[in-house]
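The values are calculated or read from the model by the stated rules, or taken from the named source; none is laboratory data. Note that the structure is a prediction, hence the values are computed from the model and not measured. Note that we place each Cβ from the backbone using ideal geometry, even for glycine, and neighbour counts take in every protein chain shown.
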Amino acid sequence: MRVVIVGNGPGGVELAKALSGEFEVTIIEREKLPYYNKPMLSHYIAGFLPEEKLFPLPMDWYGRKGIDLHLGTSALLIDRARNVLMTSGGEFPYGILVLATGARAREPVVPGKEYLLTLRTLSDAKRIREGLEEEGEMLTSSPP
């Protein structure tokens with residue numbers, strides 16, 4: 001049976017690892033990067049951690065586990081009648097479909113929103129780090 005997992009974060013990767021010996025596993029991931037440690041992005045921004053240390057798994061890990069990884073591929077539509085996931089990279093039939101897309105940053109609707117940066121991806125972290133290098137300082141805030 002084929003298990004298709006949408007999302008290559010901790011939940012998707014751990015599930016794929018657990019099922020890969022027993023099922024055919026495919027991971028669909030919108031980002032073009034393999035799994036990386038998102039909680040450590042702030043350490044990357046601060047310069048405490050080099051970019052390569054964010055990636056705990058070598059790229060060949062997926063192949064060695066028998067996991068079919070599709071990076072840079074967006075899930076578009078679930079055809080439940082045919083058990084097919086339609087994506088930007090084609091159709092993926094499934095026996096079991098798992099949506100493991102993780103969280104999304106909440107962006108407030110406030111005046112000056114164009115100056116706000118959210119931290120969710122490595123690309124966000126790079127943008128924030130570049131802003132710090134250019135401006136020298138930035139104001140950060142966490143929800144109360």
(request) Give the range 45-65 a look and list any residue that's over 17 Å from R120 (Cα atoms), among the hydrophobic types (A, V, I, L, M, F, W, C) and under 16 Å from the mean Cα position of the chain (by Cα), or say none. (result) L57, M59
(request) Would you confirm whether any residue within the range 119-136 is hydrophobic (A, V, I, L, M, F, W, C) and modelled with pLDDT under 85? (result) no
(request) Taking the options D60, D68, D79, name whichever one is acidic (D, E), out of contact with any Asp or Glu (no Cβ under 6 Å at 6 or more places or on another chain), under 19 Å from P34 (Cβ atoms) and surrounded by 10 or more Cβ atoms within 10 Å (Cβ to Cβ). (result) D68
(message) Need pairs with beta-carbon distance below 8 Å; first residue under 22 Å from E137 (Cβ atoms) and within the range 33-46, second acidic (D, E) and part of a helix (DSSP H, G or I); sequence gap 6+ or separate chains.
(response) L41/D124; Y44/E51
(message) Looking at L41, L49, L139, L54, can you tell me which residue is farther than 20 Å from V6 by Cβ, modelled with pLDDT under 90 and of a type in the set (A, V, I, L, M, F, W, C)?
(response) L139
(request) Under 8 Å between Cβ atoms, at least 6 apart or on separate chains: pull out the pairs that start in the range 56-70 with a residue that is acidic (D, E) and end on any residue that is assigned to a strand (DSSP E or B). (result) D68/E24; D68/V25; D68/T26; D68/I27
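Can you tell me which residue in the range 111-122 is surrounded by the fewest Cβ atoms within 10 Å (Cβ to Cβ), limited to those that are in a helix (DSSP H, G or I) and free of Cβ contacts under 8 Å to residues at least 60 places away in the same chain?
The extreme case among them is E114.
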